[in-house]
Amino acid sequence: MGTKSGFAFDGRGRVDRKEVYTTKNGKDIVTLVLQVEGSYPQLVPVKFFGRVADQARGLAVGSVVEVTGRLGGREWHGKVYADIVGERIEVVAEAPSKQQEMPGTGGGQASDSGWRGQSPRPEDDDVPF
């Protein structure tokens, strides 16, 4: 990964859903919500920008991916906003077909709305980053 300042991560997860947000400038931010297995399974939202966002947008729900990126955050008006930003994504296993779908995965659909199916809040649109 080279020398970086800050915090870096790499991890693997199954795409649970995709969320796309278009900024005022017309740029898309693609968030993949990854299901991470383990003793305590988690859902981890990872944001993608630019050409990596285009790659993330094309992934099927249920695909297993490896992601490398950075952890960060910014303070704005006294609040700290955390970011998990993916800088590289690689498909490890394609999504199973509908007939081979694993029980409990629900075969979620891609979503172009906000977190958990909600539309992005208008007041969040003025965040300067």
Practice task
Lys and Arg at +1, Asp and Glu at -1: add these up for the other residues within a Cβ distance under 9 Å of Arg57 and post the number.
Solution key: -1
Exercise for the section: Net charge near Gly73: determine it from the other residues with C-beta under 14 Å of the C-beta of Gly73, scoring Lys and Arg +1 and Asp and Glu -1. Expected result: +2
Fill in the blank from the handout: Label model pair Gln42, Lys27: point-to-point distance (7 angstrom along the Cα→beta-carbon line) in nm is 2.7
Exercise for the section: Can you check what the Kirkwood hydrodynamic radius comes to for region 8-97, Cα pairs only, in Å to one decimal? Expected result: 13.6
Completion exercise
The farthest towards the positive end of the charge dipole of region 1-90, of the residues Ser63, Leu34, Phe49, given +1 on Cβ of Lys and Arg and -1 on Cβ of Asp and Glu, is Phe49
Exercise for the section: Calculate, for Trp76 and Ser97, the FRET efficiency according to 1/(1 + (r/R0)^6) with r their C-beta to C-beta distance and R0 35 Å; round to the nearest 0.05. Expected result: 0.20
Practice task
Report, to two decimal places, the Cα Rg of region 6-52 normalised by 2.2 N^0.38 Å (N = number of residues).
Solution key: 1.33
Completion exercise
Of 37-44, 89-96, 50-57, ordering from highest average Cβ density within 10 Å down gives 50-57, 89-96, 37-44
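Quick note: the coordinates plus some simple rules give every number you see, no bench work behind them. Treat the numbers as computed from the prediction; the structure is a model and nothing was measured. Here Cβ is always computed from backbone atoms with ideal geometry, including for glycine, and neighbour counts include all displayed protein chains.
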